[in-house]
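K.L.:
Submitted below is the structure of interest, expressed as structure tokens.
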Amino acid sequence: MAGGAVEGVDSLDRVSDRISTADVSKVATLARLTLTDDELATATTELGAMLDHFAEIDALDLDGVEPMNNPTNLVNVMRDDVVGETLDRDEVLAAAPMAEDDRFRVPPIIGLDD
Amino acid sequence: MSAQPLYVNDDDFFPSNDEHEKWTHAGYEMVVGLEVHVELATQTKLFSASPNRFGDEPNTNIDPVTLGLPGALPVLNRHAVELAMRLGLALNCTVQKSTFARKNYFYPDMPKAYQISQYDEPINADGWLDLPDGFRVGIERGHLEEDTGKSTHIGGAGGRIHGSDYSLIDFNRAGVPLVEIVTRPDIRHPEQAKAYVSELRSILVAVGASDAKMEEGSMRVDANVSVRKPGADFNTRCEIKNVNSVRSVGRAIEYEAKRQIALHEAGEPVIQQTRHWDENDGKTHTLRSKEDADDYRYFLEPDLVTVDPGPEWIERVRAELPPLPAERRAALSASSGQPANSEAVMQVVERDQDAYVLEVGTAANGGDVALALKHVKEAPDLSTVVPAGRLAALTAMESSGAVTATQAKTIVESMIAGEHERDPEAIAAALGFEAMDTSELESMVDAAIAEQPEAWAKFCAGEGKAMGALVGAVMKASKGQADGKAVTALLNQKKS
Amino acid sequence: MSNEIPEQATMIAEAVRFGTVSASQVLEEHLARIDTREAEIHAFNLVLADEARERAAEIDSIVAEGRDPGPLAGVPVALKDNLCTRGIPTTCSSKILGDWKPPYDATVVKRLSEAGAVAVGKTNLDEFAMGSSTENSAFGPTRNPHDTTRVPGGSSGGSAAAVAAGFAAISLGSDTGGSIRQPAALCGTVGVKPTYGAVSRLGLIAFGSSLDQIGPFTHTVDDAALTLEAISGHDPADSTSIERPPLDLRSKLMMGAAGLRVGRVTDLPAGASPDVQQRLDEAFDALAAAGAEIVDVEVPAFGYGLTAYYLIAPAEASSNLARFDGVRFGARTSAPDTNQMYMATRTDGFGAEVKRRIMLGTYALSAGYQEAYYGRAQKVRRLIANDFAAAYANVDVILTPASPTVAFEVGDKASDPLAMYLCDTYTIPSNLSGDPGMSVPFGTGDHGLPVGVQVLAPALQDHTMFRAAAELERYVQSQQEGALA
Ligand SMILES: [Mg+2]
Ligand SMILES: [Zn+2]
């Protein structure tokens, strides 16, 4: 890459901060993925290697640069408040993993942040 | 969250707030901020065209966006934006350029596993709401976001989430437009919290933003409560959810403040957590602790673009705003001479009957607004049954002494009961309510004095209470037709 | 009737409209090729033979009745399997969608159908469009028709292979970081990523919402123009859709290169193999010979694109893929409570690369890291867009390689995610900036495999990009004719 990893960049808020097993484990939980110990170790190594590579942008002076969220400059894209088509309930529920009494069924809701 | 905090110190921004009574307990005061979610009165959802309708069959108001199906894309409802602007302007907010973000979290009633909500840049910021007694509640923001679906918990102990066997989800409510109105931590008394919720509800209804029915969940209140010694820094707060009536708002806050005070006094820490108000036992209960900190990973929603209403749209919405409850109370107060926060003025405006009362004052036959206010307050059905002109005629008769207050009340009752087709003069005549001439009244007064010399003597000696017996005797003799004011005047005249 | 079935979409449509061949004949020819070679190539997740026969017959009856069958009359089209098709399974080449059948058509699917095209199947992809080789599919890899030991590129490898193998005259793919242009280069087809917002994303199962665009694979530049004209244009159901009429491209193809200012990036990130670089140099020469002015430009932030992209795209993906939770549609692995059900469903349903990117993206967005990763990446994105805008002040188009190398062997990069990510070095910047880019087949490189030259242009200048691409194509044709002569 053009930049390459830069030496001497020393900041806590930089990309080069190394990812830990604990970080990866927390991220997996946030993303609702289960990792075995082996997978966790591998993922930590892989993500670490990627972040090392991505550390090239630590060298850039980005002060005052406006973050770019989207390529479009569109503003005020809105629709009129008019009722349109709805989906057929029975069709949708038939395609659901589990349904009952006209509703989607899920196992007990525990262990979730509300 | 909002760009420029209005206060550094919460106590000195609205100095007049200090003149209002603070709730205190064991030397502590409460610090309360409210977050109110209101469902907007649109035809369709915030980002899709399925109906926004309460009470329909489950999962009938659904479309790919509502269900978060793969490939679905949101498109913003212009009317929802306009209703949010109306509300913001009514709350003295700055209506501004705004953006939508994704708040990421997993929950089965949240279809995409993220809620689209305004985060960094809400459409409404930095306003205030004045309560009827003049207490000012700062408004931090009023932002647009989408509602979630509804879970029903089956099995276990009575529909509670804990111990249930499974849950069923209805997505009709998912995607319904909400405005979340967040106050600054200004509130210091449970009555202020209740008054805020009532006043906010009146404003919502007045501007047509929401039907604001707490019982149907179209207005939902969360309260952030902490306590402190007056003048001290803010302490750890707890958020109370599921407060679903104005009365509960006061009860929940007071309970929670006392709970925290007890903890402080016992030297135990108040843990920042979300608590649930249980209407049945009148207590708050732990819902979840904030220790396992939420990580919502907010970022700008790439499927939507910036909303920038611009001065033209904002000014049009402002111009179209109807008079707000506070203005209407002030107008009624000015015309009736009753205080703006009097029960009569508050109630009549709340019931939307102030225009009717004021119409009495401008009627051709010269009605009396104060008397009309009294009658309408006491008889809520009047405005729907009796034309303002007829009520004006009645108040004119009453103020001229042609009928007494008691007689006027009877006439009002008979008008409501169906005699309203006749004018009040006719009803008065039919009931035999003829104004007495002065000589007749005077002879009745003389007779009463003669019959009760002791009472007369006491009255003359300055015992005001003695007057009651004399007036009562005249009323009895006149079969209620005597005007109490005229009798009093005659008695005073004779005493001197 | 003659049974000479043309290869090109423009010619097929013309022949069908004039009745010289029937849509059904065209279709049968393509289905026959699928029968012969699909087993070794695996371009499709699903072949829609019955539906296609019905549709072709419909087109033929429209022609017979003298009505207008549309600009793509009878053209067999293959659809990347991340485009929603009503009532037809749409899998993203993932287990997690189960046998989900969308209750609606993507806007592009609707528009192709209205234009008279005949959908022949849903094509394989890297799961959720994450990859550059179409090896990351839950249904097995797709092979390059030019050499089945090699990959077709990705993520739209199935769509690229379907056109290259003659299974369909045109196909649609999606391009988030190069997923149309890189496989087009590796399979020797034209592949276009139009300006962001030119084609509706409604019904495209999102990967990186601010980067994704749908575009065509075709045999020729003219076919690509024809297809894009049919699918582009404002869609009120996509808030990021540009409020403009469909792109006007075909009318610009014969304008030639005279006067065109063509940019050569002097600080282009290294990585292109010598054979690819040699072709690129030849492309500059070809345009210069046709009257274009070659101008050196600098795009200093070009090389940071990969980093910005691999923070932004996974961040958006981590959120976009959260809806695959086993509640409303798709697969579910049962578990005693909802949270465990989420975990089990997603752990079983997603493949390794998808999980890797979800975790990377979740990390990039998470509390305490968002400023450093996602936040900085978005600023770099702005730098890249600004650098390109500055370059376009002096040039009309820019040429770069589409892929650093020709098609590599199956398994070559499978164990090294970073090596795989480098495949997108040259294509990524235009996804970040929202500008259009396309790969034009430009001869062959090592092992006689196809090489693609990438033409880049500023946003909404798709027509200028096509003008340059048409000139490159004419050069290649003249070389081939010369070789034959
Ligand atoms: Mg809140
Ligand atoms: Zn909220």
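The values are calculated or read from the model by the stated rules, or taken from the named source; none is laboratory data. Everything numeric in this text was worked out from a predicted model, so none of it was measured. All Cβ positions, glycine included, derive from the backbone under ideal geometry; neighbour counts span all protein chains shown.
K.L.:
Looking at this structure, is B:R102 surrounded by 20 or more Cβ atoms within 10 Å (Cβ to Cβ), among the basic types (K, R) and within 13 Å of ligand 2 (Cβ to nearest atom)?
P.N.:
Considered against the rule, which asks whether it is surrounded by 20 or more Cβ atoms within 10 Å (Cβ to Cβ), among the basic types (K, R) and within 13 Å of ligand 2 (Cβ to nearest atom), B:R102 comes out as no.
K.L.:
Name every residue in region B:67-112 that is within 12 Å of chain A (Cβ to nearest Cβ), under 19 Å from B:E312 (Cβ atoms) and without any contact (Cβ under 8 Å) to a residue 40 or more places away in the chain, in order of residue number.
P.N.:
Of everything in region B:67-112, those that are within 12 Å of chain A (Cβ to nearest Cβ), under 19 Å from B:E312 (Cβ atoms) and without any contact (Cβ under 8 Å) to a residue 40 or more places away in the chain turn out to be B:R78, B:H79.
K.L.:
B:G175 - would you say it is away from ligand 1 (no atom under 16 Å from the Cβ) and farther than 26 Å from B:R328 by Cβ?
P.N.:
So B:G175 passes the test.
K.L.:
Among the candidates B:T286, B:T306, single out the residue that is touching a residue at least 40 places away in the same chain (Cβ under 8 Å) and among the hydroxyl-bearing types (S, T, Y).
P.N.:
So the residue among B:T286, B:T306 that is touching a residue at least 40 places away in the same chain (Cβ under 8 Å) and among the hydroxyl-bearing types (S, T, Y) is B:T306.
K.L.:
Shifting gears a bit: Would you mind stating whether C:G271 is facing another protein chain (nearest Cβ under 8 Å) and within 26 Å of the chain's Cα centre (by Cα)?
P.N.:
no
K.L.:
Please work out which residue is farthest from C:S200 (Cα to Cα), limiting yourself to region C:421-455 and to residues that are among the aliphatic types (A, V, I, L, M) and more than 17 Å from the chain's Cα centre (by Cα).
P.N.:
The selected residue is C:L449.
K.L.:
Just to be sure before I move on: is C:G140 on the phi > 0 side of the Ramachandran plot, assigned to a loop (DSSP other than H, G, I, E, B) and crowded, with 24+ Cβ neighbours inside 10 Å in the structure I sent?
P.N.:
no
K.L.:
Select from region B:207-239 the residues that are under 27 Å from B:K45 (Cα atoms) and within 14 Å of chain A (Cβ to nearest Cβ) and write down the one among them that is farthest from ligand 1 (Cβ to nearest atom). Spell out how you get there, then give the answer.
P.N.:
Going through region B:207-239, the residues under 27 Å from B:K45 (Cα atoms) turn out to be B:207-223.
From what is left, the residues that are within 14 Å of chain A (Cβ to nearest Cβ) are B:208-209, B:220, B:222.
Details: B:G208: 24, B:A209: 18, B:R220: 10, B:D222: 6 Å.
My answer is B:G208.
K.L.:
Separate question: Mind counting the residues in region B:91-146 that are aliphatic (A, V, I, L, M), more than 28 Å from the chain's Cα centre (by Cα) and away from ligand 1 (no atom under 15 Å from the Cβ)?
P.N.:
1
K.L.:
In addition: Quick one: in region C:320-344, of everything that is in contact with a Leu (Cβ under 9 Å, 6 or more places away or on another chain) and surrounded by fewer than 24 Cβ atoms within 10 Å (Cβ to Cβ), which residue is farthest from the other protein chains (Cβ to nearest Cβ)?
P.N.:
C:A331
K.L.:
Separate question: How many residues, within region B:372-387, are part of a helix (DSSP H, G or I) and buried (at least 21 other Cβ atoms within 10 Å of the Cβ)?
P.N.:
Number satisfying all stated conditions: 7.
K.L.:
Hey, could you check region B:231-270 for residues that are farther than 30 Å from B:A212 by Cα and touching a helix residue (DSSP H, G or I) at 6+ places or on another chain (Cβ under 9 Å) and say which is surrounded by the most Cβ atoms within 10 Å (Cβ to Cβ)?
P.N.:
So the residue we want is B:V270.
K.L.:
Filtering region B:33-65 down to residues that are assigned to a strand (DSSP E or B) and within 13 Å of B:V176 (Cα to Cα), which residue is farthest from ligand 1 (Cβ to nearest atom)? Walk me through it before giving the result.
P.N.:
Initial filter on region B:33-65 (assigned to a strand (DSSP E or B)): B:33-39, B:44, B:51.
This time we only want the ones that are within 13 Å of B:V176 (Cα to Cα), so: B:37-39, B:44, B:51.
Details: B:H37: 8, B:V38: 13, B:E39: 15, B:T44: 24, B:P51: 26 Å.
Only one residue tops the list, namely B:P51.
K.L.:
A follow-up question, please. Just to be sure I understand, how many residues within region B:105-147 are within 14 Å of ligand 2 (Cβ to nearest atom), in a strand (DSSP E or B) and charged (D, E, K, R)?
P.N.:
Of the residues in region B:105-147, 4 are within 14 Å of ligand 2 (Cβ to nearest atom), in a strand (DSSP E or B) and charged (D, E, K, R).
K.L.:
Can I ask one more? Looking at A:E56, is it touching a residue at least 12 places away in the same chain (Cβ under 8 Å), of a type in the set (D, E), over 30 Å from B:L168 (Cβ atoms) and facing chain C (nearest Cβ under 7 Å)?
P.N.:
yes
K.L.:
Among the residues of region B:148-167, are any part of a strand (DSSP E or B) and either within 16 Å of ligand 2 (Cβ to nearest atom) or more than 14 Å from chain A (Cβ to nearest Cβ) (or both)?
P.N.:
Within region B:148-167 (the criterion being part of a strand (DSSP E or B) and either within 16 Å of ligand 2 (Cβ to nearest atom) or more than 14 Å from chain A (Cβ to nearest Cβ) (or both)), the answer is yes, since at least one residue qualifies.
K.L.:
Still on this model: Within region C:324-338, track down each residue that is in a loop (DSSP other than H, G, I, E, B) and over 28 Å from the mean Cα position of the chain (by Cα).
P.N.:
So the first thing to find is which residues in region C:324-338 are in a loop (DSSP other than H, G, I, E, B), and the list is C:324-337.
Of everything in region C:324-338, those that are in a loop (DSSP other than H, G, I, E, B) and over 28 Å from the mean Cα position of the chain (by Cα) turn out to be C:G326, C:V327, C:R328, C:R332, C:T333, C:S334, C:A335, C:P336, C:D337.
K.L.:
Restricting attention to region B:15-31, does a residue exist that is under 25 Å from A:V77 (Cα atoms), assigned by TED's automatic domain parsing to the domain that holds B:T148 and more than 16 Å from ligand 2 (Cβ to nearest atom)?
P.N.:
No; the residues of region B:15-31 include none that is under 25 Å from A:V77 (Cα atoms), assigned by TED's automatic domain parsing to the domain that holds B:T148 and more than 16 Å from ligand 2 (Cβ to nearest atom).
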